[in-house]
Amino acid sequence: MESRGHLTRVIAVSGGKGGVGKTSVSVNLGIALAGLGRRVVLLDADLGLANVDIMLGLRPQHNLAEVMDGQVELPEILVETGFERFRVVPGASGIQKMAALSPAEHAGLVYAFSELGNDTDILIVDTAAGISDSTISFCAAAHEVLIVLCNDPASLTDAYALIKILSQERGCHRFRVLTNMVHSAAEGRQLYNKLVAVADRYLDVTLDHVGTIPRDLNMQRAVRRQQPLPRAYPGSPATAAFKKLAERADNWSTPRRPSGGMQFFVEQLVGGEAGLERRARA
């Protein structure tokens, strides 16, 4: 099981809206954290449109659904990315089955992830777009929720909706906010201030602006090449911004649930999904 002396930090990357760049943020933040010496695993939790493997140019042979079916062990599906200390758990629609796990399956999944935790410092969860039950559960179970915000009215309203649900229904009251694809730091700060103005008026939450990622054409070029940004364009402005973000993330305060690591995350995730499923049937 995950040792008491080792705490795996879990960061859920979300945004409420598709197209804000959360998968790119997840991948590049993971690479940058690995560059600082952290052992990072990225879980592709976009249930319907898993695309981390595409962005990294990977061809995984297995996925998490096969682990849940007992066909393979979790360490067998981990994919090496070509970056030292950075691995990926491929996503699959089978993750939705978490809401209906038997006690034995529940225990097996918790055990599998807690074993993984011994060799992982940070788990990054790339959630699906929108405010689906699965996205809410992944965010609520994580130590940190990183909200990706871009300069689009729908991005602002959807990010607020996600924060509202997490705060009012799942007890999450602190969020990190990253402004993405902006032309300047001033634009990013202005965008963040708009979100704060609405949240402060209606919600009991704390929002922490953790930085900006500049609009960088190299990002799109890297995606088309199916190569991560630091490999395709190591000298790009966005690559430098992700390094700064990783340095900040590496020094975030103790997680709000310091007593729980990877095992706690999966227990919360499965329990939260099951609770949502029971309420839907009621």
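The values are calculated or read from the model by the stated rules, or taken from the named source; none is laboratory data. Quick caveat, the model's predicted, so the values are computed rather than measured. So basically every Cβ, Gly included, is an ideal-geometry build from the backbone, and we count neighbours across all protein chains shown. Surface accessibility is based on the protein's heavy atoms, side chains included, excluding ligands, DNA and RNA. Shrake-Rupley method; radii C 1.70, N 1.55, O 1.52, S 1.80 Å.
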Q: Please identify the pairs in which a residue from the range 51-71 that is more than 26 Å from Pro230 (Cα to Cα) and assigned to a helix (DSSP H, G or I) has its Cβ atom under 7 Å from the Cβ atom of a residue that is among the basic types (Lys, Arg) and open to solvent by 50 Å² or more (accessible area, probe 1.4 Å), counting only partners at least 6 apart or on another chain.
A: Met68/Lys97
**Q.** For Phe175: the one exception among (1) part of a helix (DSSP H, G or I); (2) of a type in the set (A, V, I, L, M, F, W, C); (3) surrounded by 17 or more Cβ atoms within 10 Å (Cβ to Cβ)
**A.** (1)
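Could you tell me whether His209 is touching a residue at least 12 places away in the same chain (Cβ under 8 Å) and over 20 Å from the mean Cα position of the chain (by Cα)? Lay out the reasoning, then the answer.
On the way: touching a residue at least 12 places away in the same chain (Cβ under 8 Å): yes; over 20 Å from the mean Cα position of the chain (by Cα): no.
So His209 does not fit the description; no.
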Q. Any residue at all in the range 181-191 that is part of a helix (DSSP H, G or I), of a type in the set (S, T, N, Q) and touching a helix residue (DSSP H, G or I) at 6+ places or on another chain (Cβ under 8 Å)?
A. no
Q: Could you check how many residues of the range 187-211 are polar (S, T, N, Q) and touching a Lys or Arg at 6+ places or on another chain (Cβ under 8 Å)?
A: 1
**Q.** Condition check for Glu187: under 23 Å from Lys243 (Cα atoms) and out of contact with any Gly (no Cβ under 8 Å at 6 or more places or on another chain)
**A.** yes
**Q.** Pair list, Cβ < 6 Å and 6+ apart or interchain, from the range 241-255 residues that are in a loop (DSSP other than H, G, I, E, B) to residues that are modelled with pLDDT of 95 or more
**A.** Asp250/Leu36
(Q) For the range 245-263, which positions are surrounded by 15 or more Cβ atoms within 10 Å (Cβ to Cβ) and either acidic (Asp, Glu) or at pLDDT 95 or above (or both)? (A) Leu245, Ala246, Ala249, Asp250
Q) Residues of the range 148-176 being touching a Gly at 6+ places or on another chain (Cβ under 9 Å) and closer than 17 Å to Lys244 by Cα, which ones? A) Val148
Q. Is it the case that the range 142-151 has a residue that's assigned to a helix (DSSP H, G or I), in contact with a Lys or Arg (Cβ under 6 Å, 6 or more places away or on another chain) and open to solvent by less than 10 Å² (accessible area, probe 1.4 Å)?
A. no
Q.
Given the options Ala12, Ala45, Ala50, name the one that is at pLDDT below 90, within 10 Å of the chain's Cα centre (by Cα) and not charged (D, E, K, R).
A. Ala45
Q: Scan the range 179-197 for residues that are open to solvent by 20 Å² or more (accessible area, probe 1.4 Å) and in contact (Cβ under 8 Å) with a residue 40 or more places away in the chain and jot them down.
A: Met181, Tyr192
Q: Would you mention how many residues in the range 212-228 are open to solvent by less than 70 Å² (accessible area, probe 1.4 Å) and touching a strand residue (DSSP E or B) at 6+ places or on another chain (Cβ under 6 Å)?
A: 2
Q: Starting from the range 150-176, keep only residues that are under 19 Å from Asp208 (Cβ atoms), then list their pairs with residues that are open to solvent by 60 Å² or more (accessible area, probe 1.4 Å) and in a helix (DSSP H, G or I) whose Cβ atoms are within a distance under 8 Å, requiring at least 6 positions of separation or different chains.
A: Leu156/Lys194; Lys164/Tyr202
Q) Counting only residues that are touching a Pro at 6+ places or on another chain (Cβ under 6 Å), open to solvent by 30 Å² or more (accessible area, probe 1.4 Å) and under 25 Å from Ala240 (Cα atoms), how many does the range 10-64 have? A) 1
